[in-house]
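Remarks on the structure that follows.
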Amino acid sequence: MSLTARSFSAAQWTTASSVSRAALQFMQIAVLARLLSPTDYGLMAMVTVVLSYAALFSDMGLSTAFVQRQKVTHEERSSLYWLTVMVGVGLTLLVMVSSPAVAWYFTEPELQPLLLLAATNFLAISLGQQLRMDAEKALNFRPVALIEISAGIVAFLVAIATAWLNWGVYALVFAAMTNVWLTTVLSWIFLAKGWRPAIRLRWGEVRWFARFGGTMVINNVINHANGTIDLILGGRMLGAAQLGIYSVPRSLILQLQGMVNPIFSRVGFPLIAMIQDDPERVRKIYLKVMNLTASINAPAFLAIAAFAPEIVSVLLGEGWSAAAPMLRVLALWGLLRSFGNPVGSLLLGMGRVGLSAKWNAALLFVAPPFIWFGSQWGALGMAWSMSALMLILFVPAWAFLIRPVCGAKFLDYLKSVAAPVLAAAIATAVALSFASLFDVAIPRLAVGLTTGFFTYLIACILINREFTLVITQYLSSRIDPTRVRKKWGI
């Protein structure tokens, strides 16, 4: 298959996986919100934030280095595999040993057994991570997507069954463990293709990967500190119940981002790595990815902001009405945050992890004070401060990260997101006007989303024609390779 065909195939399967897993997560939240308490979700949020920090070291950035480097020998790959497994074992033991201290910090004794169980996920990840990255490196996303969808379905069923049996927060933990372990088992069955790692671990064979991965880990740690400071402060200042009210809307926003952005970022990284020696082609692809992600994210997040009370009522139930204002503000945060997501694929594909680390290190001195200041007005204040910070960083991100790496001009950078946002704003205004004719949540939501959807399609045809052309070709699968290659610069 040509690079163009493989890229579109990868995008199609990544879309299928992202949409399916996000749908399962939304259904899980909708069901479990009626079976579990905010305290259960608050405890899981604490578990998640602890594991997310440990996960930054889950393979020491070796998988990313494996994808970025185009030629890897069997011996190098084997040494990488066993080094990754050793790191996974070490992290599992580290989280288990530190669980009493974590429970003390959050003043929640029940955290310790939860962390002891969830820590085993690091071992499972290390056993199968390289197999999935090898498939993604070749843009072979079909089996990866099918594995992720299958594991997600089983995990969803486990979550519902255990919650129904009144296992409380353990329903969330067991579902996460099921997803990870089953993914690893299926990866060995369907992705290994007869490959087995040789019994070897030579430093000389992993030195370059470790150096690249070390920079990646430093970057990820700093970036993650910036991204989770709200949960760290909230967990200490608000308590489990209030953190649950905050974390569930936050999780919904991140789930939506997790559905949309990987469609482009997971494909964009290996694709840019393949053509990293041609900056002009990289620039065209990056701007195209910016337009596509904004064209999908803008209507989704503006719709959530406009219909936050109705979404909370339908999805979570009336007991979560206090989460509606939070969801509205966090939707704006999610939209602004989504504009910066594609830059990760650009920097990784071009091997500029060091530049990313410098940017995130600078943010480490900016983000915490912003969020701390907002926290003086509670969780809603934190949400507003995060949104304001994302808006302020829009121009500096272009100047420091995008222009030096691919040479994109600011006007082109701005145009890539301005047209989708304008079209989405028009559609949202129309949707609200029609929804105002109804007083009940479900009719308001149904009428608003329906009218908004069709209005957005019309607005895109008039304002955002390039997106309309690409998405039509994508959905119909009637792709003219010559035309697409010319449009995308592939």
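Any read-out appearing in this document is the output of simple, stated calculations on the displayed coordinates, not a laboratory observation. Given the structure is predicted, the values throughout are model-derived calculations rather than measurements. Every residue, glycine among them, receives a Cβ derived from its backbone with ideal geometry; neighbour counts consider all protein chains shown.
See the values below:
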read-out	value
Dipole of segment 327-420, positive direction: furthest Cα of 406, 390, 369, with charges on the beta-carbon	406
Modelled FRET efficiency - R0 51 Å, residue 37 with residue 358, Cβ distances, 0.05 increments	0.75
Ranked packing of 125-132, 71-78, 176-183, 158-165, most packed first, by mean Cβ within 10 Å	125-132, 176-183, 158-165, 71-78
Label point distance in nm, residue 208-residue 377, each placed 7 Å from Cα along Cα→Cβ	5.2
Inter-probe distance in nm under a simple model that places probes 7 Å from Cα toward Cβ, at residue 188 and residue 52	3.0
Shape category assigned to segment 109-208 from the gyration tensor of Cα positions, a/c cut at 1.5	oblate
Paramagnetic reach from residue 120 (point 7 Å along Cα→Cβ, amide N under 15 Å) across segment 74-91	89
Estimated distance in nm for a label pair at residue 71 and residue 465, the labels positioned 7 Å out from Cα along Cα-to-Cβ	4.5
Relative contact order computed over segment 284-419 (Cα-Cα under 8 Å; 6+ residues apart), in percent	31
Long pairs among 71/284; 137/288; 358/409; 288/409, criterion Cα-Cα beyond 19 Å	71/284; 137/288; 358/409
